[in-house]
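Asker: One structure, pasted below without further comment.
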There are 2 protein chains.
Amino acid sequence: MKELPIIQPNEHIDFASYVQQFKALADEKRLIIMNILTRNGKTCVCDLEVEVNLPQSKLSYHLKILYKAGFIHKETKGTWSYYWINEDVVNSILSEDLCCLFRPN
Amino acid sequence: MKELPIIQPNEHIDFASYVQQFKALADEKRLIIMNILTRNGKTCVCDLEVEVNLPQSKLSYHLKILYKAGFIHKETKGTWSYYWINEDVVNSILSEDLCCLFRPN
DNA sequence: TTCATTCATCAAAAAAATTTGATTTAAAAA
DNA sequence: TTTTTAAATCAAATTTTTTTGATGAATGAA
(Lines give C-alpha, C1' and ligand atoms only; values in the text may rest on other atoms or scores of the structure.)
Protein backbone atom coordinates (compact mmCIF):
# COMPACT_ATOMS: atom_id res chain seq x y z
CA MET A 1 0.00 0.00 0.00
CA LYS A 2 1.47 3.31 -1.15
CA GLU A 3 1.79 6.26 1.18
CA LEU A 4 0.38 9.52 -0.04
CA PRO A 5 3.00 12.26 -0.18
CA ILE A 6 2.76 14.63 2.75
CA ILE A 7 2.12 18.12 1.44
CA GLN A 8 3.43 20.83 3.72
CA PRO A 9 1.44 24.08 4.05
CA ASN A 10 3.80 26.19 1.96
CA GLU A 11 5.49 23.69 -0.24
CA HIS A 12 5.90 24.74 -3.85
CA ILE A 13 6.40 23.08 -7.18
CA ASP A 14 10.06 22.45 -7.92
CA PHE A 15 11.21 25.04 -10.41
CA ALA A 16 14.88 24.06 -10.31
CA SER A 17 15.17 23.27 -14.00
CA TYR A 18 13.46 26.52 -14.97
CA VAL A 19 15.81 28.41 -12.68
CA GLN A 20 18.75 26.74 -14.39
CA GLN A 21 17.39 27.71 -17.79
CA PHE A 22 16.66 31.34 -16.95
CA LYS A 23 20.05 31.65 -15.25
CA ALA A 24 21.65 30.45 -18.45
CA LEU A 25 19.97 33.27 -20.35
CA ALA A 26 20.66 35.86 -17.67
CA ASP A 27 24.00 37.03 -18.99
CA GLU A 28 24.78 39.34 -21.87
CA LYS A 29 27.67 37.26 -23.20
CA ARG A 30 25.51 34.17 -23.32
CA LEU A 31 22.72 36.03 -25.09
CA ILE A 32 25.26 37.17 -27.67
CA ILE A 33 26.30 33.54 -28.13
CA MET A 34 22.64 32.48 -28.48
CA ASN A 35 22.09 35.26 -31.00
CA ILE A 36 25.07 34.24 -33.12
CA LEU A 37 24.08 30.58 -33.08
CA THR A 38 20.51 31.56 -33.95
CA ARG A 39 21.69 33.50 -36.98
CA ASN A 40 24.65 31.38 -38.08
CA GLY A 41 23.59 27.85 -37.23
CA LYS A 42 26.16 25.22 -36.32
CA THR A 43 29.44 26.94 -35.48
CA CYS A 44 32.77 25.72 -34.15
CA VAL A 45 34.26 27.20 -30.99
CA CYS A 46 37.22 28.69 -32.83
CA ASP A 47 34.89 30.69 -35.06
CA LEU A 48 32.68 31.71 -32.13
CA GLU A 49 35.78 32.94 -30.33
CA VAL A 50 36.30 35.49 -33.09
CA GLU A 51 32.64 36.44 -33.41
CA VAL A 52 31.94 37.00 -29.73
CA ASN A 53 35.43 38.32 -29.02
CA LEU A 54 35.92 36.37 -25.81
CA PRO A 55 39.03 34.55 -24.55
CA GLN A 56 38.81 30.82 -25.03
CA SER A 57 38.39 29.77 -21.41
CA LYS A 58 35.63 32.29 -20.85
CA LEU A 59 33.82 31.16 -23.96
CA SER A 60 34.12 27.53 -22.84
CA TYR A 61 32.67 28.45 -19.46
CA HIS A 62 29.65 30.15 -20.97
CA LEU A 63 29.04 27.47 -23.58
CA LYS A 64 28.97 24.87 -20.85
CA ILE A 65 26.29 26.77 -18.97
CA LEU A 66 24.10 27.02 -22.08
CA TYR A 67 24.75 23.36 -22.86
CA LYS A 68 23.86 22.13 -19.39
CA ALA A 69 20.66 24.16 -19.51
CA GLY A 70 19.78 22.32 -22.72
CA PHE A 71 19.72 25.32 -25.02
CA ILE A 72 22.49 24.13 -27.31
CA HIS A 73 23.67 20.91 -28.88
CA LYS A 74 27.31 19.92 -29.11
CA GLU A 75 29.31 17.73 -31.46
CA THR A 76 33.04 17.11 -31.45
CA LYS A 77 34.95 16.22 -34.61
CA GLY A 78 38.64 15.68 -34.08
CA THR A 79 39.90 18.66 -32.15
CA TRP A 80 37.01 20.88 -33.16
CA SER A 81 33.77 21.30 -31.25
CA TYR A 82 30.62 22.53 -32.88
CA TYR A 83 27.63 24.01 -31.11
CA TRP A 84 24.15 24.82 -32.36
CA ILE A 85 20.74 25.79 -31.01
CA ASN A 86 18.45 23.12 -29.54
CA GLU A 87 15.25 24.45 -31.06
CA ASP A 88 12.86 22.24 -29.10
CA VAL A 89 14.16 23.43 -25.77
CA VAL A 90 14.46 27.06 -26.81
CA ASN A 91 10.94 27.08 -28.21
CA SER A 92 9.52 25.54 -25.07
CA ILE A 93 10.85 28.43 -23.00
CA LEU A 94 11.00 31.50 -25.20
CA SER A 95 8.15 33.42 -26.78
CA GLU A 96 7.89 33.35 -30.55
CA ASP A 97 8.31 37.13 -30.32
CA LEU A 98 11.98 36.36 -29.73
CA CYS A 99 12.20 34.68 -33.11
CA CYS A 100 15.42 35.42 -34.94
CA LEU A 101 17.03 36.88 -31.85
CA PHE A 102 17.40 33.90 -29.57
CA ARG A 103 15.31 31.30 -31.39
CA PRO A 104 15.57 30.45 -35.06
CA ASN A 105 11.86 30.49 -35.86
CA MET B 1 24.16 66.51 -41.92
CA LYS B 2 23.86 63.42 -39.73
CA GLU B 3 26.87 61.23 -38.97
CA LEU B 4 26.44 57.55 -39.57
CA PRO B 5 27.09 55.47 -36.45
CA ILE B 6 30.50 53.86 -36.46
CA ILE B 7 30.07 50.10 -36.27
CA GLN B 8 33.02 48.33 -34.68
CA PRO B 9 34.06 44.89 -35.95
CA ASN B 10 32.63 42.96 -33.05
CA GLU B 11 29.95 45.21 -31.73
CA HIS B 12 26.72 43.46 -30.83
CA ILE B 13 23.11 44.37 -30.40
CA ASP B 14 22.39 45.66 -26.92
CA PHE B 15 20.64 42.93 -24.99
CA ALA B 16 20.65 44.75 -21.65
CA SER B 17 16.90 44.74 -21.18
CA TYR B 18 16.68 41.04 -22.02
CA VAL B 19 19.45 40.35 -19.54
CA GLN B 20 17.49 42.24 -16.90
CA GLN B 21 14.39 40.23 -17.68
CA PHE B 22 16.05 36.82 -17.64
CA LYS B 23 17.91 37.72 -14.45
CA ALA B 24 14.57 38.53 -12.87
CA LEU B 25 13.35 35.03 -13.69
CA ALA B 26 16.60 33.34 -12.69
CA ASP B 27 15.72 32.75 -9.07
CA GLU B 28 13.52 30.13 -7.49
CA LYS B 29 11.86 32.50 -5.03
CA ARG B 30 10.92 34.86 -7.82
CA LEU B 31 9.52 32.02 -9.93
CA ILE B 32 7.40 30.98 -6.96
CA ILE B 33 6.11 34.56 -6.75
CA MET B 34 5.38 34.59 -10.49
CA ASN B 35 3.58 31.28 -10.15
CA ILE B 36 1.39 32.48 -7.29
CA LEU B 37 0.51 35.71 -9.09
CA THR B 38 -0.24 33.71 -12.24
CA ARG B 39 -2.66 31.49 -10.35
CA ASN B 40 -4.13 33.97 -7.88
CA GLY B 41 -4.18 37.24 -9.78
CA LYS B 42 -3.83 40.54 -7.97
CA THR B 43 -2.47 39.90 -4.48
CA CYS B 44 -1.35 42.14 -1.65
CA VAL B 45 2.12 41.84 -0.15
CA CYS B 46 0.81 40.72 3.22
CA ASP B 47 -0.96 37.75 1.61
CA LEU B 48 2.04 36.95 -0.58
CA GLU B 49 4.21 36.92 2.53
CA VAL B 50 2.18 34.01 3.87
CA GLU B 51 1.94 32.17 0.55
CA VAL B 52 5.61 32.32 -0.34
CA ASN B 53 6.75 32.06 3.26
CA LEU B 54 9.43 34.74 3.02
CA PRO B 55 10.36 37.47 5.50
CA GLN B 56 8.96 40.82 4.49
CA SER B 57 12.20 42.55 3.49
CA LYS B 58 13.25 39.63 1.34
CA LEU B 59 9.88 39.55 -0.39
CA SER B 60 10.10 43.31 -1.01
CA TYR B 61 13.55 42.86 -2.53
CA HIS B 62 12.38 40.16 -4.95
CA LEU B 63 9.17 41.97 -5.90
CA LYS B 64 11.19 45.01 -6.81
CA ILE B 65 13.38 42.99 -9.16
CA LEU B 66 10.33 41.53 -10.92
CA TYR B 67 8.72 44.97 -11.04
CA LYS B 68 11.76 46.70 -12.51
CA ALA B 69 12.00 43.99 -15.15
CA GLY B 70 8.42 44.80 -16.11
CA PHE B 71 6.90 41.41 -15.27
CA ILE B 72 4.49 42.69 -12.63
CA HIS B 73 2.25 45.68 -12.07
CA LYS B 74 1.91 47.44 -8.73
CA GLU B 75 -0.80 49.46 -7.05
CA THR B 76 -0.83 50.98 -3.57
CA LYS B 77 -4.03 51.58 -1.62
CA GLY B 78 -3.52 53.05 1.80
CA THR B 79 -0.89 50.97 3.51
CA TRP B 80 -1.46 47.98 1.26
CA SER B 81 0.40 47.22 -1.93
CA TYR B 82 -0.97 44.92 -4.58
CA TYR B 83 0.97 43.20 -7.30
CA TRP B 84 -0.19 41.32 -10.38
CA ILE B 85 1.24 39.88 -13.60
CA ASN B 86 1.94 42.18 -16.55
CA GLU B 87 0.65 39.81 -19.21
CA ASP B 88 1.92 41.75 -22.21
CA VAL B 89 5.49 41.69 -21.01
CA VAL B 90 5.36 38.11 -19.80
CA ASN B 91 3.87 36.93 -23.06
CA SER B 92 6.49 38.74 -25.10
CA ILE B 93 9.24 36.80 -23.36
CA LEU B 94 7.85 33.44 -22.31
CA SER B 95 6.66 30.58 -24.50
CA GLU B 96 2.98 29.75 -24.40
CA ASP B 97 4.14 26.32 -23.17
CA LEU B 98 4.65 28.07 -19.85
CA CYS B 99 1.00 28.97 -19.66
CA CYS B 100 -0.47 28.61 -16.22
CA LEU B 101 2.95 28.31 -14.63
CA PHE B 102 4.47 31.74 -15.15
CA ARG B 103 1.99 33.28 -17.58
CA PRO B 104 -1.77 33.32 -17.16
CA ASN B 105 -2.70 32.22 -20.67
C1' DT C 1 -1.75 63.42 18.90
C1' DT C 2 -0.02 58.69 19.62
C1' DC C 3 0.04 54.05 18.24
C1' DA C 4 -0.14 50.17 15.13
C1' DT C 5 0.20 48.37 10.59
C1' DT C 6 2.10 47.73 5.88
C1' DC C 7 5.75 47.98 3.09
C1' DA C 8 10.22 50.00 1.31
C1' DT C 9 14.94 50.90 2.07
C1' DC C 10 19.53 50.55 3.96
C1' DA C 11 24.25 48.82 5.12
C1' DA C 12 26.93 44.90 6.37
C1' DA C 13 27.59 40.00 5.89
C1' DA C 14 27.21 35.90 3.28
C1' DA C 15 26.75 33.31 -0.82
C1' DA C 16 27.00 32.64 -5.70
C1' DA C 17 28.66 33.66 -10.28
C1' DT C 18 32.31 35.27 -13.26
C1' DT C 19 36.99 36.28 -14.64
C1' DT C 20 41.72 35.25 -15.15
C1' DG C 21 45.71 32.88 -16.50
C1' DA C 22 47.74 28.48 -16.26
C1' DT C 23 47.43 23.68 -16.98
C1' DT C 24 45.52 19.49 -19.08
C1' DT C 25 43.49 16.57 -22.50
C1' DA C 26 42.86 14.78 -26.91
C1' DA C 27 43.39 14.65 -31.70
C1' DA C 28 45.94 15.60 -35.90
C1' DA C 29 50.06 17.00 -38.35
C1' DA C 30 55.01 16.96 -39.01
C1' DT D 1 57.79 10.17 -31.92
C1' DT D 2 57.41 15.10 -31.22
C1' DT D 3 54.89 19.15 -32.05
C1' DT D 4 50.90 21.83 -32.82
C1' DT D 5 46.18 22.99 -32.41
C1' DA D 6 41.44 23.15 -30.34
C1' DA D 7 39.00 23.11 -26.44
C1' DA D 8 38.02 21.82 -21.48
C1' DT D 9 39.24 22.31 -16.76
C1' DC D 10 41.15 24.23 -12.59
C1' DA D 11 42.07 27.26 -8.49
C1' DA D 12 42.39 31.90 -6.93
C1' DA D 13 40.77 36.51 -7.32
C1' DT D 14 37.10 39.48 -8.36
C1' DT D 15 32.47 40.90 -8.96
C1' DT D 16 27.61 40.47 -8.38
C1' DT D 17 23.65 38.96 -6.02
C1' DT D 18 21.18 37.71 -1.99
C1' DT D 19 20.31 37.64 2.87
C1' DT D 20 19.78 39.69 7.29
C1' DG D 21 18.11 42.59 10.75
C1' DA D 22 17.31 47.27 11.67
C1' DT D 23 15.34 51.58 10.47
C1' DG D 24 12.22 54.76 8.04
C1' DA D 25 8.02 56.43 5.54
C1' DA D 26 3.23 56.58 4.91
C1' DT D 27 -1.34 55.59 6.13
C1' DG D 28 -5.18 54.93 9.12
C1' DA D 29 -7.16 53.97 13.74
C1' DA D 30 -7.55 55.05 18.64
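Asker: Within the stretch A:20-69, which trypsin sites (Lys or Arg not before Pro) sit in a loop by DSSP and count at most 10 neighbouring Cβ atoms inside 10 Å?
Answerer: In loop regions of the stretch A:20-69 (DSSP not H, G, I, E or B), there are no sparsely surrounded trypsin sites (Lys or Arg not before Pro).
Asker: Output the 0 to 90 degree angle, nearest 10, between the alpha-carbon long axis of helix B:16-25 and the longest principal axis computed from the alpha carbons of chain B.
Answerer: The helix B:16-25 is inclined about 20 degrees to chain B.
Asker: Give me the net charge of A:F71's neighbourhood, meaning all other residues with Cβ under 13 Å from the Cβ of A:F71; Lys, Arg count +1, Asp, Glu -1.
Answerer: Combined, the nearby Lys, Arg, Asp and Glu give +3.
Asker: Something else about it: Note down the net charge around B:F102, summing +1 for each Lys or Arg and -1 for each Asp or Glu among other residues with Cβ under 13 Å from its Cβ.
Answerer: Charge balance in the 13 Å sphere: -2.
Asker: Can you give me the % of accessible surface on the protein assembly as shown that is carbon or sulfur? Probe 1.4 Å, all protein chains present, nothing else counted.
Answerer: It is 51 percent, rounded to a whole number.
Asker: How many Å³ per residue does the convex hull of the Cα positions in the stretch B:63-105 occupy?
Answerer: Considering the Cα atoms of the stretch B:63-105, their hull volume per residue is 72 Å³.
Asker: Could you tell me which of A:Y61, B:Q21, A:L98 has its Cα farthest along the dipole of the protein assembly as shown towards the positive end, charges placed at Cβ (Lys, Arg +1; Asp, Glu -1), taken about the Cα centre?
Answerer: Ranked along the dipole, the leading option is A:Y61.
Asker: Scale the Cα Rg of the protein assembly as shown by the rule-of-thumb value 2.2 N^0.38 Å and send over the ratio, two decimals.
Answerer: Numbers: Rg = 19.9 Å, N = 210, 2.2 N^0.38 = 16.8 Å.
Its radius of gyration relative to the 2.2 N^0.38 Å reference: 1.19.
Asker: Smallest Cβ-to-axis distance in chain B, for the rotation taking B to A: which residue, how many Å?
Answerer: Closest Cβ to the B-to-A rotation axis, residue and whole-Å distance: B:A26, 2.
Asker: With the radius of gyration and the Kirkwood radius both derived from the Cα set of chain B, what is their ratio Rg to Rh?
Answerer: 1.13
Asker: Mind checking which lysines have their Cα closer than 23 Å to the Cα of A:K68? Skip sequence neighbours fewer than 8 apart in that chain.
Answerer: Within the straight-line limit of under 23 Å, A:K68 reaches these lysines: A:K23, A:K29, A:K42, A:K58, A:K77, B:K23, B:K29.
Asker: Shifting gears a bit: Net charge near A:N86: determine it from the other residues with C-beta under 11 Å of the C-beta of A:N86, scoring Lys and Arg +1 and Asp and Glu -1.
Answerer: Here the charged neighbours net out to 0.
Asker: Run through the other copies and list how far each one's label point is from that of A:W80, in nm with one decimal, shortest first; the point sits 7 Å from Cα along Cα-Cβ.
Answerer: 6.3
Asker: Further, regarding this structure: Would you work out the charge dipole size for the stretch B:25-105 about its Cα centre, treating the Cβ of every Lys and Arg as +1 and the Cβ of every Asp and Glu as -1, and quote it to the nearest 20 debye?
Answerer: Using only the charged Cβ atoms, the result is roughly 280 debye.
The values are calculated or read from the model by the stated rules, or taken from the named source; none is laboratory data. The structure presented is a predicted model; accordingly, all values stated were derived computationally and were not measured. As a convention, Cβ positions derive from the backbone with ideal geometry for all residues, glycine included, and neighbour counts pool all protein chains shown. We work out accessible area using only protein heavy atoms, side chains counted, and drop any ligands, DNA or RNA first. Shrake-Rupley method; radii C 1.70, N 1.55, O 1.52, S 1.80 Å.
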